[in-house]
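A short worksheet on the structure shown next.
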């Protein structure tokens, strides 16, 4: 967003850490998360479209899990910026959108949290040898893991569509936010900007405003 235009005007790009720039950075990161959700859903649909015997369930589960985590990152509690429930309610979508949104967040929580009751994830039993006898012998221990339920293609399309609409919403805000950041930069002036460190690619330094 705006990077090409900046490069056309100057051979030097400096780092801005103003409050307005921080908001824009968070909006950009949110869009990237939502785009990742869409990409995961697109690849997952391709996997689910295969005949059942040809599907790679590990790949399918990995894509679904990654999509859930990336989507929930956009709504992480305690963040100064990002999305909230009102953003979902304001989308031009019909149906039980909020119910699906809350279900997605709950699925992410279930995916990432260690269960309080281990029996919800696995069952342990004792295998009996010749149980019809008066004194059956204990032959061993049996462990049955709960299957990890994967959503169907309808749910995948719903998540991808929800992420797409949210991305459009945030992109519109980010476009307006660029004008705010540009005004701040112009107010600082070229001389003050030239004294700032150049913007480099790669992970930003950790600070109190780092995304969760």
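The values are calculated or read from the model by the stated rules, or taken from the named source; none is laboratory data. A quick note: this is a predicted structure, and the numbers were derived from the prediction, not measured. Virtual Cβ from ideal backbone geometry, glycine too; neighbours counted across all protein chains shown.
Would you confirm, using the coordinates I've provided, whether residue 211 is at pLDDT below 80, in contact with a helix residue (DSSP H, G or I) (Cβ under 6 Å, 6 or more places away or on another chain) and closer than 30 Å to residue 38 by Cα? Give the steps one after another, and end with the answer.
Details: at pLDDT below 80: yes; in contact with a helix residue (DSSP H, G or I) (Cβ under 6 Å, 6 or more places away or on another chain): yes; closer than 30 Å to residue 38 by Cα: yes.
So residue 211 fits the description; yes.
Yes/no per residue for (1) under 12 Å from residue 167 (Cβ atoms); (2) in a helix (DSSP H, G or I):
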position: 12; (1), (2): no, no
position: 22; (1), (2): no, yes
position: 25; (1), (2): no, yes
position: 28; (1), (2): yes, yes
position: 32; (1), (2): yes, yes
position: 35; (1), (2): yes, yes
position: 40; (1), (2): no, yes
position: 45; (1), (2): no, yes
position: 50; (1), (2): no, no
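Conditions (1) at pLDDT 95 or above; (2) surrounded by 12 or more Cβ atoms within 10 Å (Cβ to Cβ); (3) more than 30 Å from residue 30 (Cβ to Cβ), marked per residue:
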position: 44; (1), (2), (3): yes, yes, no
position: 80; (1), (2), (3): no, no, no
position: 94; (1), (2), (3): no, no, no
position: 106; (1), (2), (3): no, yes, no
position: 126; (1), (2), (3): no, no, yes
Problem set entry | Among (1) under 20 Å from residue 172 (Cβ atoms); (2) crowded, with 16+ Cβ neighbours inside 10 Å; (3) over 20 Å from the mean Cα position of the chain (by Cα), the one test that residue 48 misses | (1)
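Quick grid of which residues meet (1) modelled with pLDDT of 95 or more; (2) under 30 Å from residue 31 (Cα atoms); (3) under 19 Å from the mean Cα position of the chain (by Cα):
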site	(1), (2), (3)
129	no, no, no
132	no, no, no
135	no, no, no
140	no, no, no
146	no, no, no
150	no, yes, yes
153	no, yes, yes
159	yes, yes, yes
162	yes, yes, yes
